[in-house]
Amino acid sequence: MTNPGHPSVILLGVSPSTPIRGLACLLARQRAEEPDTPVLVQEAPQRILFQGLIRGAFHVGLADATMLPAGLSSLPLLQEDLVVALPRRSPLLAYASVPASAIRDYPLIQWCPDTHEFLYQHVSALLGEHGSVSRTVKSSALMACLVGAGYGIGVAPRTSIERPREWGILMRPLQEGTSSLRTSLCWQKELQSGSVERFIQRACSAFPPLRQPHQPRHLDSPKF
């Protein structure tokens with residue numbers, strides 16, 4: 001593969017669990033300002049993505065950095081609320097914002113823990129022990145389809161389900177104040193190059209700064 005220290009191609013890993021709103025503008029800016037250094041984007045589960053950053057398989061990655069392995073740096077780029085996807089006749093539509101305690105009474109369309117590890121863990125932590133998981137899904141489209149067909153309800157990033165009314169579903173915010181996901185740009189501290197540093201700087205200017213400071217919790221050693 002390309003030498004991570006002096007890449008002619010920047011290898012960008014993206015976790016399927018994390019919102020990537022604004023990434024298209026960043027990639028277009030990279031192509032316009034530095035066309036000789038293209039960005040190769042590849043999806044990878046968050047655990048594999050962190051492993052790849054540490055081993056040099058990726059130069060940068062987009063993921064949640066709440067539990068950041070030691071040796072990696074991160075820059076928070078965007079934050080997105082989680083919402084509840086509901087069928088049109090769901091009794092939960094009576095809530096302006098849905099409490100987690102009410103969700104536990106209904107079948108849940110849950111994210112696949114293998115492909116959407118962080119999102120699965122986040123929803124599980126938010127809802128606690130949910131005794132009725134009717135299906136697991138690997139895409140927001142399938143979640144919307146199953147919710148619209150009445151198989152259960154889902155919890156997803158707000159922008160992940162496009163045109164929800166066309167799927168026959170409605171959205172409600174979660175009542176809890178911690179129901180949001182944060183996407184960060186991550187990279188290995190010791191494998192920076194000029195092209196990677198410039199890409200990080202473009203990311204800084206492409207995304208508006210988040211209002212709340214972000215202090216990722218570092219792990220003493222990555223567990224892969």
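The values are calculated or read from the model by the stated rules, or taken from the named source; none is laboratory data. Please read these numbers as outputs of a predicted model, since none were measured by experiment. Cβ: placed from backbone, ideal geometry, glycine included. Neighbour counts: every protein chain shown.
Structure values in brief
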read-out	value
Which listed residue is within 17 Å of the chain's Cα centre (by Cα), among the β-branched types (Val, Ile, Thr), closer than 19 Å to residue 22 by Cβ and surrounded by 14 or more Cβ atoms within 10 Å (Cβ to Cβ), from 123, 84, 60	60
Only one of 144, 65 that is at pLDDT below 95, of a type in the set (A, V, I, L, M) and farther than 22 Å from residue 173 by Cα	65
Any hit, region 143-159, residues being crowded, with 16+ Cβ neighbours inside 10 Å, of a type outside the set (Gly, Ala, Ser), without any contact (Cβ under 8 Å) to a residue 40 or more places away in the chain and in a helix (DSSP H, G or I)	yes
Residue within region 47-68 that is in contact with a His (Cβ under 7 Å, 6 or more places away or on another chain), part of a strand (DSSP E or B), in contact (Cβ under 8 Å) with a residue 40 or more places away in the chain and not assigned by TED's automatic domain parsing to the domain that holds residue 153 present	yes
Test for residue 134: is it within 30 Å of residue 195 (Cα to Cα) and either of a type in the set (Ser, Thr, Tyr) or outside the structural domain of residue 204 (by TED's automatic domain parsing) (or both)	no
Subset of region 13-45 that is of a type in the set (Gly, Ala, Ser) and part of a loop (DSSP other than H, G, I, E, B) - its residue that is modelled with the lowest pLDDT	17
Count of residues meeting criterion [surrounded by 20 or more Cβ atoms within 10 Å (Cβ to Cβ), at pLDDT below 90 and of a type outside the set (Lys, Arg)] in region 165-190	4
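Yes/no matrix, rows are residues, columns are (1) closer than 25 Å to residue 123 by Cβ; (2) over 18 Å from the mean Cα position of the chain (by Cα); (3) in contact (Cβ under 8 Å) with a residue 40 or more places away in the chain:
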site	(1), (2), (3)
19	yes, no, yes
29	no, yes, yes
32	no, yes, no
43	yes, no, no
79	yes, no, yes
90	yes, yes, yes
